C-alpha cells in the first residue's frame, strides 16, 4: 500500500504506527493519513472526507485500516474496490459487529460484492471480496 488511513477514534485509542519495521525496508512505509475535520498530528497527513481522495496524489493504493466510522464512510461513498476481512472465532466487544453490513451473510446477499478468496490464518480466516464489475 502507498497509504493507510485511520479515523480519529482509532488514532486516539490505538496510537498505530502503521510503518514497516523490517530491517532495510523502513523506507517503504506507507504515508499515514487521518480522516478528520480537525488537524492531523505531526507525521500524519489529513483527509477531510473520503471524497477528497484526489488530494492523495502520490497514493495509488490506499488501505482503509481502522475504525468502523472510517470504513463506513468510504463504503458509503462507493470508494472501496476490495474488502480484506480478517475474521476471528470470537467477537471482540459486547455490542455485536461494528459493521453488520460486512457480516458474511450480509455480503453473500449483497450483489455489490463477489467472494474471490477465503483462507485460514491460524485460528482466524481471511475473506476477500471484490466489487462487482471490477
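For this structure, a couple of remarks:
- Any hit, segment 27-41, residues being surrounded by 10 or more Cβ atoms within 10 Å (Cβ to Cβ), touching a residue at least 40 places away in the same chain (Cβ under 8 Å) and either within 21 Å of residue 98 (Cβ to Cβ) or in contact with a helix residue (DSSP H, G or I) (Cβ under 6 Å, 6 or more places away or on another chain) (or both): no
- Of all residues making up segment 82-99, the number that are surrounded by 10 or more Cβ atoms within 10 Å (Cβ to Cβ) and either outside any loop (DSSP other than H, G, I, E, B) or modelled with pLDDT of 85 or more (or both): 6
- Only one of 109, 103, 3 that is in the same structural domain as residue 127 (by TED's automatic domain parsing), surrounded by 12 or more Cβ atoms within 10 Å (Cβ to Cβ) and closer than 21 Å to residue 128 by Cβ: 103
- The listed residue being loosely packed, with under 12 Cβ neighbours inside 10 Å, under 22 Å from residue 79 (Cα atoms) and modelled with pLDDT of 95 or more, out of 58, 48: 48
The values are calculated or read from the model by the stated rules, or taken from the named source; none is laboratory data. Model, not experiment: these values are computed from the prediction. Glycine gets a Cβ as well: all are built from the backbone with ideal geometry, and neighbour counts include every protein chain shown.
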